[in-house]
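Report on the following structure.
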Amino acid sequence: MTEYVIIGDGISGSSAAETLREEDPDANITIITDEGEPLYNRILIKEHAKGKLPEAPISIHDEDWYAEREIELSLNTHVTTIDSEEKIVRIHEGEDIPYDKLLIATGGTPTQLPVPNSDAEGIHHFWTFQDARAIRESAEAADDAVVVGAGLLGIDFAAVCGAQGVEGKYLMRGDRWWRYALSADGAEIMHNGMRDVGVEPVFDSGVDHFETDDDGQVAAAVDPNGERYECDFAGVAIGLTFNTEFLYGTDLEMENGIVVDEYMETNLEDVYAAGDITRFYDVLLGEQAQNGSWGSAKEQGRVAATNMAADAQSEEFQWVSSYSITHFDFPFLSFGHPTLGDEHAERRYSDTEWRRVAFKDGKIVGGVLIGDLSPQSTFKKLMRQQRDVADQAELLLEQSVDMDKLAPAQEQ
C-alpha cells in the first residue's frame, strides 16, 4: 500500500489529495498543514476583508470532506525537515511520518518590509484567512491608510480601503502600478480606478520607516523623500518569502522556489512540488517559470498527483494562467507571463479599455486586458498552439479579434 504525504493544504495540496484518492483508492494519504483550518478560497478572502462577504462561502472543505475520502488531515502541524534518503517527514511534535511519494505544496509567507517599525500594530499582510479577518476588523476602525507594493496583491489593499471608506495613499517605488507589465496608458486606467475609490497613488515613493504611537500602533509612514503620510492602517504586499526553511540541509534544488520539471517532480526521487513555491518548466515557454495564480496551483497539484500515482511520468503540466481584478467599474485580466516578452503590442480604446500583448520569439507569452476581456480565449488558444503571430500584431489589436483573418500556421 503506497504512502502519500502532502505538505500543505492550499488548493494545490488539496487538489493533489483528491486526485490521488481517485487514482489510487487503496493508498494511505496524509496532508500536513501548519494552518488551523482546512482549505478555503484565497481568491475570496479579499471580499471578506472588504466587508462584502461573510465567512461561510469562503470555506471550501470542512474536516468531514477529508474523513469521507479517508485522507488523514493534520492541522497545526509544523514540519521541521525531510529525510529523502530514509523517506521520512519529521514534525515538531509527534511521530515521524514515512512516505513513498512526497508532495511539497507549502506556498509562501508575505515578505515584511525591511524598515524600522514594520512589525507595528496596524500593519497588515494579506495571505491567510486569519489575515483577512484582522484586516477587516482593523480597516473598519481606521481613518487613514497607506498601501505599499505596486503589484497584483497590493491593489487588494487599495480595494479594501475603498470598500471600508478609508482614505488611502498608495506608495509606489516607480512611476506607475505594475510597471513591469503595464505601460503608462494602461496604468493610468488603474490609477484612476484607485482614485475613484478614494485611494491616491503616490509615485517614486515607498517607505523609509514607520512611526508608531506610545502603544506601538502605526501612526505614519515616511517615504525615502522625507514625505510623511499619517495612517492608522497600513497594508504591505511586496511579495512572498517561500516556506522552505524545513528544506535547508537537503539536496533539493532551489532557485527562488523549488525547481521542478514539466511533471512537477524535483531533482529528488519521489519528491514533487506544486503551487506558488515551484519554479516549473513551462513547456509553452521552453524555460523555467513561476506563476502564483489559483488555477495554475490547482492544476499543478492535479498533474503532480497523476504522475505520483503512475508507474512512469505520464502527464506534463501545460497551463495558460490568468488573474483577474474586479475591484473597479471596469474588469482587469492578466494572462500568461506578461512581464517576460521581448516585444509588445498595445492599444488604448477608451478611458477604461486597453490591451497589451507580449511576444517572445514571435509567439504570444502573455498580456493584459482592461475593460474588454473577450479576446482572452483567442490569445490563450494562440499561446497553446505556439503560433508565430508577432508580425500580425495589428490584427490582434482590432477591437474584435478574428482568428480567421490570421495567416494559417502552416503558411508562416
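Taking the stretch 152-256 and the strands (runs of 3 or more DSSP E) fully enclosed by it, the elements with 1 or more residues that are surrounded by 15 or more Cβ atoms within 10 Å (Cβ to Cβ) and in contact with a Phe, Trp or Tyr (Cβ under 7 Å, 6 or more places away or on another chain) are at 167-171, 199-202, 218-222, 233-236. On the basis of being in contact (Cβ under 8 Å) with a residue 60 or more places away in the chain and farther than 29 Å from D276 by Cβ, does D215 make the cut? Judged against the criteria, D215 is a match.
Residues of the stretch 114-147 that are assigned to a strand (DSSP E or B) and open to solvent by 10 Å² or more (accessible area, probe 1.4 Å): E121, I123, H124, D144.
When the stretch 355-392 is filtered for residues that are of a type outside the set (S, T, N, Q) and over 29 Å from the mean Cα position of the chain (by Cα), only D391 remains.
If you check E95, E37, E70, E55, which single one turns out to be open to solvent by 40 Å² or more (accessible area, probe 1.4 Å) and either of a type in the set (K, R) or at pLDDT 95 or above (or both)?
E70
Residues that are closer than 20 Å to Q164 by Cβ and in contact with a Gly (Cβ under 9 Å, 6 or more places away or on another chain) within the stretch 194-211 comprise M194, D196, V197, G198, V199, E200, listed in sequence order. Taking the criterion of being within 19 Å of the chain's Cα centre (by Cα) and open to solvent by 20 Å² or more (accessible area, probe 1.4 Å), the residues of the stretch 286-312 that qualify are Q288, Q290, N291, G292, W294, G295, K298, E299, R302. Contact map, the stretch 58-73: first residue assigned by TED's automatic domain parsing to the domain that holds L44, second residue charged (D, E, K, R), Cβ cut-off under 6 Å, separation 6 or more or different chains; pairs are R69/R21. Candidates are the residues of the stretch 329-352 that are under 24 Å from G198 (Cβ atoms), over 24 Å from the mean Cα position of the chain (by Cα) and touching a residue at least 60 places away in the same chain (Cβ under 8 Å); the one that is surrounded by the most Cβ atoms within 10 Å (Cβ to Cβ) is T352.
Among the residues of the stretch 271-290 satisfying the criterion of being assigned to a loop (DSSP other than H, G, I, E, B), out of contact with any helix residue (DSSP H, G or I) (no Cβ under 8 Å at 6 or more places or on another chain) and touching a residue at least 12 places away in the same chain (Cβ under 8 Å), which is nearest to S84 (Cα to Cα)?
Result: I277.
Looking at the stretch 24-45, can you tell me whether even one residue there is closer than 14 Å to Q130 by Cα and assigned to a helix (DSSP H, G or I)? Yes, the stretch 24-45 contains at least one residue that is closer than 14 Å to Q130 by Cα and assigned to a helix (DSSP H, G or I). Going by what's in this entry, would F280 be described as of a type in the set (F, W, Y), within 22 Å of I155 (Cα to Cα), buried (at least 16 other Cβ atoms within 10 Å of the Cβ) and under 17 Å from the mean Cα position of the chain (by Cα)? The answer is no for F280. No other residue among I88, I43 is more than 30 Å from V160 (Cα to Cα) and either open to solvent by 50 Å² or more (accessible area, probe 1.4 Å) or assigned by TED's automatic domain parsing to the domain that holds L102 (or both) apart from I88. Of all residues assigned to the stretch 315-325, none qualifies as being over 28 Å from D196 (Cα atoms), free of Cβ contacts under 8 Å to residues at least 12 places away in the same chain and not acidic (D, E). Checked against the criterion of being on the phi < 0 side of the Ramachandran plot and outside any helix (DSSP H, G or I), the candidates E315, E299, E394 yield just one match: E315.
Of the residues making up the stretch 257-270, just one is open to solvent by less than 10 Å² (accessible area, probe 1.4 Å) and not in a loop (DSSP other than H, G, I, E, B), namely I258.
What do you reckon, is T111 in contact with a Gly (Cβ under 7 Å, 6 or more places away or on another chain), surrounded by fewer than 21 Cβ atoms within 10 Å (Cβ to Cβ) and closer than 13 Å to I7 by Cβ?
Against the criterion (in contact with a Gly (Cβ under 7 Å, 6 or more places away or on another chain), surrounded by fewer than 21 Cβ atoms within 10 Å (Cβ to Cβ) and closer than 13 Å to I7 by Cβ), T111 does not qualify.
The values are calculated or read from the model by the stated rules, or taken from the named source; none is laboratory data. Quick caveat: nothing in here was measured; it's all calculated off a predicted structure. Please note: Cβ atoms are built from the backbone with ideal geometry, for glycine as well, and neighbour counts cover all protein chains shown. Surface areas here come from the heavy atoms of the whole protein model, side chains and all, with no ligands, DNA or RNA. Shrake-Rupley method; radii C 1.70, N 1.55, O 1.52, S 1.80 Å.
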